[in-house]
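Everything below concerns the one structure shown next.
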């Protein structure tokens, strides 16, 4: 092979690699899941920020679990003390505890502590919000509002998207539908 042919082949190979790299480039939203994630609910006031609020599509149309994250940049402890939603007249703060037999057990709580300078996640297997007696069934793509009240007097309103349970490999939501069916 001549030097001219070798150079042309190397140039063609470099062009093919550059084209392949350009065609396979993904945006940050596309990485991982292959599709853009819906925007989750968020709100900010004073030194409290709520983010990542969402509800898995309820398997039981009357009961759903609301998950979110709270950041407290204040120098003092706070607590989430109440939640109301447009989806239902009843929203309760819950936690998951292990029973004496070792199986998880849901229980209503008065508040969710949000210590100073801390990040708190309301998620499956821990603290979470149960929305019970849902008036109209919620399905993927629906949204509702949630109003959160804190011990400090801060109140936050956010929009909560309903997302498909199957889209989340984190296990959120599936166990709540059956265990809270008595509400």
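Restricted to the range 155-183, and to residues there that are surrounded by fewer than 17 Cβ atoms within 10 Å (Cβ to Cβ) and modelled with pLDDT of 95 or more, the residue that is farthest from residue 51 (Cα to Cα) is 155.
Results for (1) closer than 19 Å to residue 52 by Cα; (2) part of a loop (DSSP other than H, G, I, E, B), shown as yes or no for each residue.
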residue: 97; (1), (2): no, no
residue: 110; (1), (2): no, yes
residue: 116; (1), (2): no, yes
residue: 126; (1), (2): yes, yes
residue: 130; (1), (2): yes, no
residue: 138; (1), (2): yes, yes
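A search for C-beta distances below 9 Å between a residue of the range 112-126 that is surrounded by 14 or more Cβ atoms within 10 Å (Cβ to Cβ) and any residue that is in a strand (DSSP E or B) and at pLDDT below 95, counting only pairs 6+ apart in sequence or on different chains, returns 124/96; 126/96.
Assess whether residue 102 counts as being exposed (fewer than 12 other Cβ atoms within 10 Å of the Cβ), over 28 Å from residue 78 (Cα atoms) and out of contact with any strand residue (DSSP E or B) (no Cβ under 8 Å at 6 or more places or on another chain). Before you say what the answer is, go through the steps one by one.
Numbers: exposed (fewer than 12 other Cβ atoms within 10 Å of the Cβ): yes; over 28 Å from residue 78 (Cα atoms): yes; out of contact with any strand residue (DSSP E or B) (no Cβ under 8 Å at 6 or more places or on another chain): yes.
Judged against the criteria, residue 102 is a match.
Within the range 50-90, which residues are part of a loop (DSSP other than H, G, I, E, B), out of contact with any helix residue (DSSP H, G or I) (no Cβ under 9 Å at 6 or more places or on another chain) and within 19 Å of residue 40 (Cα to Cα)? Matches in the range 50-90: 86, 87. When 59, 12, 18 are checked against the criterion of being closer than 30 Å to residue 149 by Cβ and either at pLDDT below 95 or surrounded by 19 or more Cβ atoms within 10 Å (Cβ to Cβ) (or both), 59 stands alone in meeting it. The numbered conditions (1) modelled with pLDDT of 95 or more; (2) closer than 15 Å to residue 146 by Cα; (3) surrounded by fewer than 16 Cβ atoms within 10 Å (Cβ to Cβ); (4) under 17 Å from the mean Cα position of the chain (by Cα) are all true for residue 95 except (2).
The values are calculated or read from the model by the stated rules, or taken from the named source; none is laboratory data. All of these numbers come straight from a predicted model, not from anything done at the bench. Positions of Cβ are generated from backbone atoms using ideal geometry, with glycine treated the same way; all protein chains shown enter the neighbour counts.
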